[in-house]
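K.L.:
Starting off with a structure, shown below.
What follows draws every value from the coordinates through simple rules; no lab data is involved. Predicted model only: the values in this text are computed from it and were never measured. Virtual Cβ from ideal backbone geometry, glycine too; neighbours counted across all protein chains shown.
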Amino acid sequence: MKVLLLGGGAREHAMAWALSRSPKVTDLTVSPGNPGIANIARIVDLDPCDGNAVRTFALKNNIDMVVIGPEAPLVEGVADVLRESGIKVFGPGKDGARLEGSKAFSKEFMKRNGIPTASFDICTNMDQARDALLKRTAPYIVKADGLAAGKGAFVLESTEEAISKAEDLLVDRSLGKAGEKIVIEDCLKGTELTVLTITDGHTIRPLSPSQDHKRVYDNDKGPNTGGMGAYSPVPWAGSELMNRVTSEVLEPTLNGLKKEEIDFCGVIYAGLMIDEHKNPWVIEYNVRFGDPETQVVLPVLKGDIAEIIEKCCLGKLADAKMDAAEKWAADVVIASGGYPGEYKKDIVIKGLDEANAMENVLIFHAGTSKDDEGNVVTNGGRVLSIVGMDKDNLDNAVSQAYQAVEKIHFTGMHFRKDIASKAKDFS
């Protein structure tokens, strides 16, 4: 197959790595890509959100299948444009992408279909927002309705802060159109878990569960980020819990999509909160592979991801060969100084070759580029995903990741030192 992958972050680097290992993939093109992806695939310059440009390239180059990595092209309806021309696409159309593209839609979808989630209110003005906040107690959860690059969800400790944030979104429009409508909801208590599920609209195939680390500092301190690390599998997420996630969340989600006549081919990301009684509650949906979860889930996947994705596109996911994870993986994200606030770019990164040479280590580029002298430099907030793997246990995988991190240096870099610390204790 000739495959075109859209995206340019660490998630897409992990996807490109997995696709490139498949004997089915004879030609892999990625757009816009990054310096790490350039080592394993051909890079072309396309706007992933321009459906017509992607379609023209795919037809001209006889692309057999397009795999869409990020959320923005999905919300823009790029998959619909490609499917109309008979091109196989892994990723939902605009209708299905509303599960991620609109927090209000997704919450109402869950309510309609009996999927467990926090009680919520949808607000379009400050009077509604104040009423919604005053009937709740701290901590307050305020979310922008639309896409905000992972920066649209806020956990606020006082009524004053929550009202101020609502005003910031609804009145000052700090996130533009994404915040012209907001969701205010109860704060769910428990431990977070991510389950990525591949579906062709008929069959669901959950992948290995993982746990993200969203706060910027150790011990879950500081502001939320796009994710500072992850690990998979999750030791406390055994078969009993996963069966409940399937029966109470994943199957009702698929049934709801069918009932509402929403075609869906791609990934349903269920961001879950597992309460003290091990009941699963949905925090949010995404409609694509997660970042940084993909960087640990794909390396432990026992199966050919290209074959799995192709069967999904053909509506034959039930025939795909997938087995339980056969090893462990841990991902430590290295970020730029100042992230998730303001940060500098174009800082030379040293030690990549040494870290890349380590066994059982994968380095996925997130925010990197090359300078005029050919040096790899920083070009984003999250810069690198350093993944350690081990066939025997998670502790060894974590150790491998941190040993590789120690070889990498650039001014201002920071990372969490407690990735997977919650793996053994369910609390």
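K.L.:
For a protection proxy built on the mean count of beta-carbon atoms within 10 angstrom, sort 287-295, 206-214 highest first, please.
P.N.:
287-295, 206-214
K.L.:
Give the residue list of trypsin sites (Lys or Arg not before Pro) in region 3-112 that are DSSP loop and have at most 16 other beta-carbon atoms within 10 angstrom.
P.N.:
21, 24
K.L.:
Using alpha carbons only, how many angstrom separate the centre of region 169-228 from the centre of region 83-123?
P.N.:
Here the answer is 14 Å between Cα centres.
K.L.:
Here is a follow-up. Provide, as a two-decimal number, the C-alpha radius of gyration of region 2-93 over 2.2 N^0.38 Å, N being how many residues it has.
P.N.:
Taking the Cα Rg and dividing by 2.2 N^0.38 Å, one obtains 0.96.
K.L.:
Normalised by the number of residues in the chain, what is the relative contact order in percent for Cα pairs under 8 Å and 6+ residues apart?
P.N.:
Relative contact order for the chain comes out at 16 percent.
K.L.:
Using modelled amide H (1.01 Å from N, peptide plane; none on Pro or chain starts), what sits under 5 Å from the amide H of residue 384, excluding residues fewer than 5 places away?
P.N.:
When sequence neighbours closer than 5 places are left aside, the close amide H contacts are 334, 366, 367.
K.L.:
How fast does region 261-313 diffuse by Stokes-Einstein, in µm²/s, taking the Kirkwood radius from C-alpha pairs at 4 °C and 1.567 mPa s?
P.N.:
Rounded to a whole number, D works out at 99 µm²/s.
K.L.:
What percent does the relative contact order of region 41-131 come to when contacts are Cα pairs within less than 8 Å and at least six residues apart?
P.N.:
That works out to 20 percent.
K.L.:
What list do you get for 22, 247 if you sort them by fewest beta carbons within 10 Å?
P.N.:
Listing 22, 247 from fewest to most nearby Cβ atoms yields 247, 22.
K.L.:
Among 241, 99, 384, determine the one that fluctuates most according to a GNM of the chain built with springs between C-alpha atoms less than 10 Å apart.
P.N.:
Maximum fluctuation in the GNM of the chain, among the listed residues, is at 241.
K.L.:
Could I ask something else about it? Just to be sure I understand the curve: with the Debye formula and one point per C-alpha of region 125-180, what is log10 I(q)/I(0) at q = 0.14, 0.18, 0.29 Å⁻¹?
P.N.:
The computed values of log10 I(q)/I(0) come out as -0.32, -0.52, -1.23.
K.L.:
Once whole DSSP H runs in the chain are found, which of them have Cα atoms spread over 30 Å or more along the helix axis and a mean Kyte-Doolittle score of at least 1.6?
P.N.:
Span-like helices in the chain: none at all.
K.L.:
May I pose another question? Cα convex hull of region 257-403: mean projected area in nm², to one decimal?
P.N.:
12.9 nm²
K.L.:
Starting with the fewest neighbours, write out 261, 276 ranked by other beta-carbon atoms found within 10 Å of each beta-carbon.
P.N.:
Lowest count first: 261, 276.
K.L.:
Now a separate question. Filter 278/302; 165/258; 258/302 down to the pairs with a C-alpha to C-alpha distance above 32 Å, please.
P.N.:
165/258
K.L.:
Of all GluC sites (Glu not before Pro) in region 353-423, which ones are in loop regions per DSSP and have a Cβ with at most 12 other Cβ atoms within 10 Å?
P.N.:
Those satisfying the criteria are 359, 373, 406.
K.L.:
Dividing the convex hull volume of the Cα atoms of the chain by its residue count, what figure in Å³ per residue is obtained?
P.N.:
137 Å³
K.L.:
Using Cα positions and a limit of under 16 Å, work out the aspartates and glutamates in reach of residue 221, with same-chain residues fewer than 8 apart set aside.
P.N.:
157, 192, 212, 418
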